[in-house]
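Read the structure below first, then the notes.
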Amino acid sequence: PPRPPPSTAAQAAPSQFVSAGQARIKVVGVGGGGGNAVNRMVEAGLQGVEFWAFNTDAQALMGSQADQKVQIGAQLTRGLGTGGNPELGERAAEESREMVTQTVSDSEMVFITAGMGGGTGSGAAPVIAQMAKEAGSLTVGVVTYPFTFEGRRRSQQAQEAIENMRKAVDTLIVIPNDRLLDVVGENTPLQEAFLLADDVLRQGVQGISDIITVPGLVNVDFADVKAVMTNSGTAMLGVGAATGKNRAEEAAQQATSAPLLERAIDRATGVVYNITGGPDLTLAEVNAVSEVVTGLADPSANVIFGACVDPKYEGEVHVTIIATGFAQSYQFDGFFAKEEEPLPWSRAAPKEAKGGFGVEGLGGRFL
């Protein structure tokens with residue numbers, strides 16, 4: 001006998017699967033540094049995410065390339081910024097609480113990116129992150145610790161802000177800008193140094209979001225990423241890229257030995273890594289990267305990865321590693337290549353420069 005027609009529910013199911021299968025991801029740039037990082041992500045063509053820029057500085061927002069721009073603390077700051085005062089940044093976010101809550105309430109995942117040490121990023125980012133987490137989103141902070149040459153005040157404000165962020169998010173990736181100088185050398189132009197800091201923030205966000213949003217050779221559920229990153233505390237970031245015959249192994253070695261990650265991956269309880277290449281990326285190369293990463297990770301660590309193909313990376317292999325879930329006692333250790341080197345916030349305060357912006361004011365880095 002002829003089969004009865006499928007029910008309405010059965011006919012509707014495929015479209016329901018499509019809509020239910022797309023995790024809504026928002027990238028929120030807070031303050032000047034966060035806004036610059038969002039601009040870099042837009043320029044790089046980051047897929048499958050919504051970009052939001054939050055700032056107290058109305059003029060800076062006008063230059064943002066974000067999909068949505070939100071001025072916070074309009075009554076408090078009158079659109080003129082916070083003058084580097086984190087307390088004003090915090091009060092600005094509180095003033096605009098209702099608007100911020102609406103922004104983050106309908107997302108599965110929210111990235112909060114900011115430069116620590118200033119006013120809006122340091123003060124408002126932890127408040128916005130807390131709102132996102134309270135709304136049920138997987139909340140990941142990706143922030144920078146300021147260059148030495150930015151001065152003691154910014155350094156001290158960054159320390160407090162990083163601690164506040166750590167309490168507010170599921171996972172916090174801190175990128176110490178001084179370590180970027182070790183990668184590119186001390187003769188790097190100032191503008192290029194800040195652009196590099198913005199780009200590393202982009203790589204941290206893209207390394208995670210691409211695993212979820214970009215269809216690839218190996219696809220990963222949002223639930224997998226959530227399992228590794230929920231309430232996982234401090235995380236480390238490593239990035240690498242290579243071309244040529246042994247590009248997969250070289251990119252993996254770069255990422256695992258990056259100054260931002262060195263000597264840390266074996267202590268992590270969770271590792272998320274992403275492999276991106278052109279149409280010529282092979283399964284053998286994916287396997288080669290995986291062998292390097294899993295060989296270094298703790299055998300009991302929860303390791304997940306994605307492999308994506310992007311035509312613009314023809315001939316290249318890019319590897320991004322996020323290692324998560326370090327013990328409380330290991331809160332900030334490992335951000336610096338030499339573990340015996342004291343952390344910025346545990347060092348004795350440097351002497352003030354005697355005359356203007358002198359060598360002592362630069363922390364002696366450029367001697």
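The values are calculated or read from the model by the stated rules, or taken from the named source; none is laboratory data. As the structure is a computational prediction, the values presented were derived from the model and not from experiment. Backbone-built Cβ (ideal geometry, glycine too); neighbour counts: all protein chains shown. Ligands, DNA and RNA are excluded from the accessible area calculation, which covers all protein heavy atoms including side chains. Shrake-Rupley method; radii C 1.70, N 1.55, O 1.52, S 1.80 Å.
Key figures
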item	result
Failed item in (1) in a loop (DSSP other than H, G, I, E, B); (2) out of contact with any Ser or Thr (no Cβ under 9 Å at 6 or more places or on another chain), with residue 46 passing the rest	(2)
Checklist (1) in contact (Cβ under 8 Å) with a residue 24 or more places away in the chain; (2) surrounded by fewer than 20 Cβ atoms within 10 Å (Cβ to Cβ); (3) closer than 28 Å to residue 169 by Cβ applied to residue 274, failing item	(2)
Those residues of the stretch 179-188 which are assigned to a helix (DSSP H, G or I) and open to solvent by 20 Å² or more (accessible area, probe 1.4 Å), in sequence order	182, 183, 184
Residues being touching a Phe, Trp or Tyr at 6+ places or on another chain (Cβ under 7 Å) and open to solvent by less than 20 Å² (accessible area, probe 1.4 Å) - total across the stretch 194-212	1
Residue, nearest to residue 233 (Cα to Cα), within the stretch 94-142, restricted to residues that are part of a helix (DSSP H, G or I) and charged (D, E, K, R)	133
Any chance residue 279 is modelled with pLDDT under 90 and assigned to a loop (DSSP other than H, G, I, E, B)	no
Residue 245, sole failed condition from (1) part of a loop (DSSP other than H, G, I, E, B); (2) touching a strand residue (DSSP E or B) at 6+ places or on another chain (Cβ under 9 Å); (3) at pLDDT 85 or above	(2)
The stretch 120-145 residues that are at positive phi, paired with ones that are surrounded by fewer than 24 Cβ atoms within 10 Å (Cβ to Cβ) (beta carbon under 8 Å, 6 or more apart)	none
Tabulated pairs, the stretch 53-79, first within 12 Å of residue 34 (Cα to Cα), second of a type in the set (S, T, N, Q) and open to solvent by 80 Å² or more (accessible area, probe 1.4 Å), C-beta under 8 angstrom, 6+ apart or interchain	53/68
Filter result for residue 191 (in a helix (DSSP H, G or I), under 14 Å from residue 41 (Cβ atoms) and out of contact with any helix residue (DSSP H, G or I) (no Cβ under 9 Å at 6 or more places or on another chain))	no
Odd one out for residue 113 among (1) in contact with a Leu (Cβ under 7 Å, 6 or more places away or on another chain); (2) surrounded by fewer than 20 Cβ atoms within 10 Å (Cβ to Cβ); (3) closer than 19 Å to residue 37 by Cα	(2)
